[in-house]
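The values are calculated or read from the model by the stated rules, or taken from the named source; none is laboratory data. Quick caveat, the model's predicted, so the values are computed rather than measured. Every residue, glycine as well, gets a Cβ built from its backbone with ideal geometry; the counts of neighbours run over all protein chains shown. Side chains included, ligands, DNA and RNA excluded: accessible areas come from the protein's heavy atoms. Shrake-Rupley method; radii C 1.70, N 1.55, O 1.52, S 1.80 Å.
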Amino acid sequence: MVKRIVVGAHYGLKDWIAQRATAVFMALYTILFAICALGLSEFSYEAWSELFSRGVFKFLSFLFFLSLFYHAWVGVRDIWMDYIKPDGVRLALHLVTLFLLVGYAGWAAQILWRL
C-alpha cells in the first residue's frame, strides 16, 4: 500500500478554472487595448495620457495586472509544488514569489494612479 500525503488538495479545480478565467480576461483586454492603441490619432505622450485618463480604462488595466499576477501565482506555485521537494526551500520560494507579485501589484497601482 502506498502512503500518499495530500497537501493542498483544494487547489485543483478551483485554481484551474481561475487560471483559465484570468487567461480569457487577459486575452479580451489585450484585444481592447490593441484596438484603443491603434485608434489613437498619434503615438505621443499626450495621446497615451488621454487613453489612460479614463477611470474605466485604468480599472480594466489594473484588473489585467491582477489577473496576470494571479495567473502567474497559480502557475509558479504549481511548479514549486511539483519540482521542489524540500519543504523549507519550497516555502521560501513560495514566499519570495508571493512578495514579488504583491509588490508588482502595488507598483502597477502606483503607475496607473500615480500614488
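Computed values, structure above
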| item | result |
| --- | --- |
| Of all residues in the range 70-101 being of a type in the set (A, V, I, L, M) and in contact (Cβ under 8 Å) with a residue 12 or more places away in the chain, the one that is nearest to W16 (Cα to Cα) | V74 |
| Single unsatisfied condition, S44 versus (1) under 23 Å from A109 (Cα atoms); (2) modelled with pLDDT under 95; (3) open to solvent by 90 Å² or more (accessible area, probe 1.4 Å) | (3) |
| Residue in the range 78-96 that is open to solvent by 50 Å² or more (accessible area, probe 1.4 Å), more than 21 Å from the chain's Cα centre (by Cα) and among the acidic types (D, E) present | yes |
| Residue in the range 25-37 that is of a type in the set (S, T, Y), in a helix (DSSP H, G or I), farther than 15 Å from F57 by Cα and modelled with pLDDT of 95 or more present | no |
| Residue list for the range 97-112, filter: over 15 Å from the mean Cα position of the chain (by Cα) and surrounded by 12 or more Cβ atoms within 10 Å (Cβ to Cβ) | I111, L112 |
